[in-house]
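**Q** There's a structure below that I have some questions on.
The values are calculated or read from the model by the stated rules, or taken from the named source; none is laboratory data. Since the model is a prediction, treat every value here as computed from it, not as a measurement. Here Cβ is always computed from backbone atoms with ideal geometry, including for glycine, and neighbour counts include all displayed protein chains. Ligands, DNA and RNA are stripped out before the accessible areas are found, and what is left, the full protein with its side chains, is counted by its heavy atoms. Shrake-Rupley method; radii C 1.70, N 1.55, O 1.52, S 1.80 Å.
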Amino acid sequence: MKKIGIFYGSSTGVTAEVAEEIAKKLGVADADVHDVAKSSPSDVAPYDVLILGSSTWGAGELQDDWFDFLDGLEALDLKGKQIALFGCGDESMSDTFCGAIGELYNRLQNTGAKFIGFFNADGYEFDESPAFIDGAYVGLLLDNVNKEELTEGRLDEWVAKVKSEIK
């Protein structure tokens, strides 16, 4: 059984709630769910699968607590680990929807990790997303502001996909 760690950054609590829901659906213990504001990049060491989540702010930026954590994570050798991404955003920010997820994906490319959990964004209405890379959405995109009714079904579908891709 692969050990899963969930790491998130949350300003308003929405991303924290989503992280807890993902943990419940995957059977991940509370001790393996980490707020990056209270964690260090070395905390990812015991995990085979990293589920990373961030809300998106401003013009598509990461949630503030991610900045130092991501700098440190980028410097690590994550070869042999799998990473799945999830993000919370507001589709009315139509040219930067869930941009933080695109930034996590791009910045962690040189770590040796394998990305899993690519997902669709059907049902949302936005023009562009920095999380749309090479013809796919690089993770689960959620909008609990405008389309909260889609969240539960998306979570179930994405968690099932991530489970099937864990190797």
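**Q** Could you give the size of the charge dipole of the chain about its Cα centre, using +1 on the Cβ of each K and R and -1 on the Cβ of each D and E, expressed in debye and rounded to the nearest 20?
**A** Roughly 1000 debye, rounded to the nearest 20.
**Q** Let me ask something additional. By average Cβ neighbour count within 10 Å, what is the ranking of 96-106, 62-72 from highest down?
**A** Taking the mean over residues of other Cβ atoms within 10 Å, the ranking is 96-106, 62-72.
**Q** In square angstrom, what is the accessible area per residue of the range 24-132 with a 1.4 angstrom probe?
**A** That works out to 44 Å² for each residue.
**Q** So, with a 1.4 angstrom probe, what is the percent of accessible area on the range 73-116 that is carbon and sulfur?
**A** The nonpolar share, carbon plus sulfur, comes to 45 percent.
**Q** Distance cut-off 18 Å, Cα to Cα: go down the list Lys2/Lys25; Lys38/Lys147; Lys25/Lys161; Lys2/Lys38; Lys24/Lys163; Lys3/Lys38 and report the pairs above it.
**A** Lys38/Lys147; Lys2/Lys38; Lys3/Lys38
**Q** Hey, can you rank 39-46, 86-93 by average C-beta count inside 10 Å, highest first?
**A** Put in order of decreasing packing, that is 86-93, 39-46.
**Q** Please list, in chain and number order, the residues 5+ apart from Gly53 or on another chain whose amide H is under 5 Å from its amide H, with Hs placed from the backbone.
**A** The answer is Phe7, Tyr8, Gly9, Phe86.
**Q** Moving to a separate point now. Taking the Cβ of Glu128 as the center, what net charge do the other residues with Cβ under 13 Å away carry, scoring Lys and Arg +1 and Asp and Glu -1?
**A** Result for the local shell: -4.
**Q** Then there is this: When a/c is below 1.5 the answer is rounded, else prolate if a/b is larger than b/c, else oblate, so apply that to the range 6-73 with a ≥ b ≥ c taken from the square roots of the Cα gyration tensor eigenvalues.
**A** The shape class here is oblate.
**Q** Which entry is the computed Cα Rg over 2.2 N^0.38 Å for this structure: [x] 1.02; [y] 1.10; [z] 0.92?
**A** Calculated Cα Rg over 2.2 N^0.38 Å: the matching label is [z].
**Q** Along the charge dipole of the range 107-167, Cβ charges K/R +1 and D/E -1, which of Gly123, Val145, Gln109 sits furthest on the positive end?
**A** Gln109
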